[in-house]
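Here is the structure we will look at.
The values are calculated or read from the model by the stated rules, or taken from the named source; none is laboratory data. Note that the structure is predicted; figures quoted are calculated from it, not measured. Because the Cβ atoms are built from the backbone with ideal geometry, glycine has one as well, and the counts that use them run over all protein chains shown. SASA here: full protein model, heavy atoms, side chains in, ligands and nucleic acids out. Shrake-Rupley method; radii C 1.70, N 1.55, O 1.52, S 1.80 Å.
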Amino acid sequence: MLVACCAALLALTATAAASEIDGSVTFQVDAAHDGLVTGDSLKPPLKRLWTRDLGDYTEYSVIAGGRVFAFGPAQNHSILYALDERTGTTLWSRDLAGWSLTAPAYDRGKLFTVTDMGIVEAFAADTGAPLWSRQLTGNSSVSAPPTAANGVLYIGGANTGGTLFALDEADGSDKWSQPVENGSASSPAVDGSNVFVSYVGPQVYSFDAASGAPAWHFSGCCEGGGGWAPAIYRGRVYTRDSVYGNHVLDAATGRDLGSFDATEPPAFSGSTGLFLSGSTLRARDIDSGSTLWSFTGDGQLDTAAIAINGTAYIGSSGGNLYGIDIASGKVVWSDALGTGVNGDNEHQFVFHALSAGDGILTAPVGSTIVAYSGTEGGGPTPAPAPAPAPAPAGQPSPAPAAGSTNAAATWRAALKRDARRVARAARRFVSGGNAKPLKRAVATMRTHLTRLSSALARSESKLRAAIAVERRALRVIARNTSSQRHPRRIARAVATLTRAVRRSA
């Protein structure tokens, strides 16, 4: 009994150590993916500090050591940028050895990147000096964000099967690797003593973080391609599966403790969990499961929440960013951006997310990063649009009526950017054969078409007809991309798509 109690205490301590970090070092803030930033000075109201356009849809940012790290595009590879936190100017940049579907990971003064073909590179965070580079063995596809913690870099890869890799951060050498079921798109989560990954089925694994020894395997009814990043908080694993259901598992044993409702990664603060399901954010007591409050904002919330100093931040595809008091559910700050905040879609290899640390918050907005500071820093910003107060617990606030002019205008602008992105990715695919950026661009545009369609009134028949043409063109592109044939058909479909978007705009 005493041994069990000590082990539980050590597990909780390790989890707290992984979570309590002033900075965002990987997807959903930290190695535990719990969305919690502690020890930071950021408090609302916030002011816009700077905006930086990197030329393509931005993923999450890494914020550490006085810098913001993010990726931008080149002709046939990604570029790693180090930006000054206070100005957004480039301090240094480095060309990667290929395309990366995710942003980097940070640990102990080093940055780690991985291309979609499994080339891993390490850079000094302060100067950008290359430290080492290597090709993952036996795997040709990496579509999930890497995680770095305690001197070890964890990467999930997939080819005919799946593998979880653990590399030494010092030189990139193998520490251990383990096979997993399919192994695509789940960013490893680390609680200090164990590392966790979660795939379709659900198929959830726990391994000893140092040795790679299997701890437990939760096997659901099925298996398949794709996965989601698990979140670790207070000895529990929160794992999502949009088809076979979400589960809360005991981190020590893998025992099923129940379920939760969320379509995006959850975030946590104290005893409160923040869960976005559809377009409604709900705060729940993580022990009792009771709903504390709910919030829908403009009806188009689409990012995972993150928690800082008792405030939850969340963005919407309608172009609004909100700060919500976690204790009461009241809106304490908001900003109208005019362009939608990029939402997350892990299953389609899209890892957009808010990030925070070092007294700033960043949001991915189209091809730009928008940075905010607290009230003691930063320049002026337009007055935020008034945000509706949250509804009482269990009663979501109403979404805007279908056919909203502002909503339609927002999505029309997004579709213009989407079409350019599809065309650019299609040219790269035809010339170089890399299908991942094109598949991701098509998936993003499909999502935006669905949202625009739902925002239209029935009377807008011409726009609905244009949407139907765009969807058919995307199907042609997707079909010929998967078969890696008929570049002329792809080119014709891109031309059709471009014309339809121009008509709909």
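At-a-glance table
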{"quantity": "Alpha-carbon centroids, the stretch 170-187 and the stretch 244-320: separation in whole Å", "calculated": "28"}
{"quantity": "Electrostatic dipole magnitude of the stretch 250-308 [Cβ: Lys, Arg +1; Asp, Glu -1; Cα centre; debye, to 20]", "calculated": "80"}
{"quantity": "The stretch 82-134 - Rg over Rh from alpha carbon coordinates, Kirkwood radius", "calculated": "0.97"}
{"quantity": "Accessible area of the stretch 172-271 divided out per residue, in Å², using a probe of 1.4 angstrom", "calculated": "34"}
{"quantity": "Radius 13 Å from Cβ of VAL68, net charge of other residues (Lys, Arg +1; Asp, Glu -1)", "calculated": "-1"}
{"quantity": "Carbon and sulfur %, accessible surface of the stretch 117-188 computed with the full protein complex present, 1.4 Å", "calculated": "49"}
{"quantity": "Among 303-312, 64-73, the order from most to least packed when residues are scored by Cβ within 10 Å on average", "calculated": "303-312, 64-73"}
{"quantity": "When each of LYS175/LYS439; LYS110/LYS416; LYS110/LYS330; LYS330/LYS416; LYS330/LYS436; LYS110/LYS436 is checked by Cα-Cα distance, pairs over 30 Å", "calculated": "LYS175/LYS439; LYS110/LYS416; LYS110/LYS330; LYS330/LYS416; LYS330/LYS436"}
{"quantity": "Heavy-atom surface of the stretch 48-98, accessible at 1.4 Å and reported per residue (Å²)", "calculated": "36"}
{"quantity": "For peptides 103-112, 279-288, 167-176, sequence by mean Cβ density within 10 Å, most packed first", "calculated": "103-112, 279-288, 167-176"}
{"quantity": "Cubic angstrom per residue, convex hull over Cα atoms of the stretch 106-203", "calculated": "82"}
{"quantity": "Using alpha carbons only: equivalent-ellipsoid semi-axes of the stretch 239-351, gyration tensor based, whole Å", "calculated": "24, 18, 11"}
{"quantity": "Sites ASP250 and TRP92 - FRET efficiency at Förster radius 51 Å, r taken between beta-carbons, to 0.05", "calculated": "0.70"}
{"quantity": "Gyration tensor verdict on the stretch 157-252 (Cα atoms; rounded if a/c is under 1.5, prolate if a/b is larger than b/c, oblate otherwise)", "calculated": "oblate"}
{"quantity": "Calculated diffusion of the stretch 264-328, Stokes-Einstein form, Kirkwood radius summed over Cα pairs, 4 °C and 1.567 mPa s, µm²/s", "calculated": "113"}
{"quantity": "Peptide ranges 489-500, 215-226 listed from the most packed, as the mean C-beta count within 10 angstrom indicates", "calculated": "489-500, 215-226"}
